[in-house]
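This report concerns only the one structure given below.
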Amino acid sequence: MTPELTTPSAGVALVTLNRPDRLNAIDTATAAELPRVWRHIRADDSVRAVVVTGAGDTAFCTGLDRAADTPQPGSPYSQDDPLLRIGPKAADLWKPVVAAVNGMACGGAFYLLAEAEFLVASRNATFFDPHTTYGMVSAYEALFMTQLMPFGEAARTALMGTAERMTAQRAYDTGLVSQLTPPGEAVNTAVRLAAHIATLPTEPVQGTVRALWAAKESTRARALSLAPHLIALGNLPPETQGELFKARARDHDVR
């Protein structure tokens, strides 16, 4: 089952992307299930904090599974992004979320990372965005990255494609990650932090989350309204994207 929902500590829900054989890439079934998981957590008053992670040590999430069937309407004004609703804030969940990152976090992973309150990462974590390498506009990912790290770092990550990966140390130095852990310890650390938050009064915690997000929402809403048009205008045709992916995959270990 993916995603997997467990309770590792009192008041804490752990959401695990459980597709390690696909590096926790998100297929259409997972994209449809995640909003239901967030709504379930939203309605469960016993859950007061959340941790989101990916199964295994190789990858947190590698974005949309390239094998996923995502047919699109012909009009650029009706383009559908299958990942746009996978995050907790999209489900109106205002309980604090901590992301625990092991291994790769790339591309569409930023849809989840951007809707966590803060990130904990193991020292084997890496962050990158392959879109431009494969002839695709990094619109949503670039938007989310600018809200997580300094503009120059977000721009470099988005523009370099698969040519380089941001190390966990660099992510910590730039503020993307709030705490580093030894390999394999990110989830335990994130659960421990979430467990503390879960002991605090519920209403003040959720009110603080809303206050933090109020500072981001106007800019975010404006950028989100532009993203579909930038993608429709800038993406290369799917067949060209596929050719680039196959060629680049021989040179860069994306999978």
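Backbone geometry of segment 96-106 corresponds, through the Karplus equation with coefficients 6.51, -1.76 and 1.60 at θ = phi - 60°, to 3J(HN,Hα) couplings of x, 10, 10, 8, 10, 10, 10, x, 6, 9, 9 Hz, x marking Gly and Pro.
For Met104, the residues whose modelled amide H falls within less than 5 Å of its own, excluding neighbours fewer than 5 places apart on the same chain, are Ala59, Phe60, Thr126.
For segment 128-211, what does the convex hull of the Cα positions come to per residue, in cubic angstrom? Can you show the working numbers first?
Numbers: hull volume 10.0 nm³, N = 84.
Dividing the Cα hull volume of segment 128-211 by its residues yields 119 Å³.
Put simply, the amide H of Val51, placed in the peptide plane, has neighbours under 5 Å in Ala13, Leu14, Val15, Val98, leaving out anything fewer than 5 places away on its chain.
Pairwise Cα separations in segment 88-230 fall into 10 Å bins from 0 onward with the following percentages, short to long: 12, 40, 35, 12, 1. Using θ = phi - 60° in the Karplus curve 6.51 cos²θ - 1.76 cosθ + 1.60, the 3J(HN,Hα) couplings for segment 36-44 round to 5, 5, 5, 5, 4, 5, 4, 8, 9 Hz; x is entered for Gly and Pro.
Panel order for Phe151, Phe110, by other beta carbons found within 10 Å of each beta carbon, from fewest to most: Phe151, Phe110.
Applying D = kT/(6 pi eta Rh) to segment 4-183, where Rh is the Kirkwood radius over alpha-carbon pairs, T corresponds to 37 °C and eta to 0.692 mPa s, the Stokes-Einstein value obtained is 200 µm²/s. Among Lys95, Lys216, the order by Cβ neighbours within 10 angstrom, fewest to most, reads Lys216, Lys95.
A cut-off under 9 angstrom between Cβ atoms defines the neighbours of Gly107, and their net charge, with Lys, Arg +1 and Asp, Glu -1, is -2. Evaluating 6.51 cos²θ - 1.76 cosθ + 1.60 at θ = phi - 60° for every residue in segment 8-14, the Karplus couplings come out as x, 7, 4, x, 10, 9, 10 Hz, glycine and proline recorded as x.
Grab the Cα-Cα distance for Asn188 and Ser46, subtract it from 0.36 nm times how many residues apart they are, and report the gain in nm with one decimal.
Details: separation 142, 0.36 × 142 = 51.12 nm, distance 2.00 nm.
Gain on stretching Asn188 to Ser46: 49.1 nm.
Values in this text are rule-based calculations from the coordinates and carry no lab data. Model, not experiment: these values are computed from the prediction. So basically every Cβ, Gly included, is an ideal-geometry build from the backbone, and we count neighbours across all protein chains shown.
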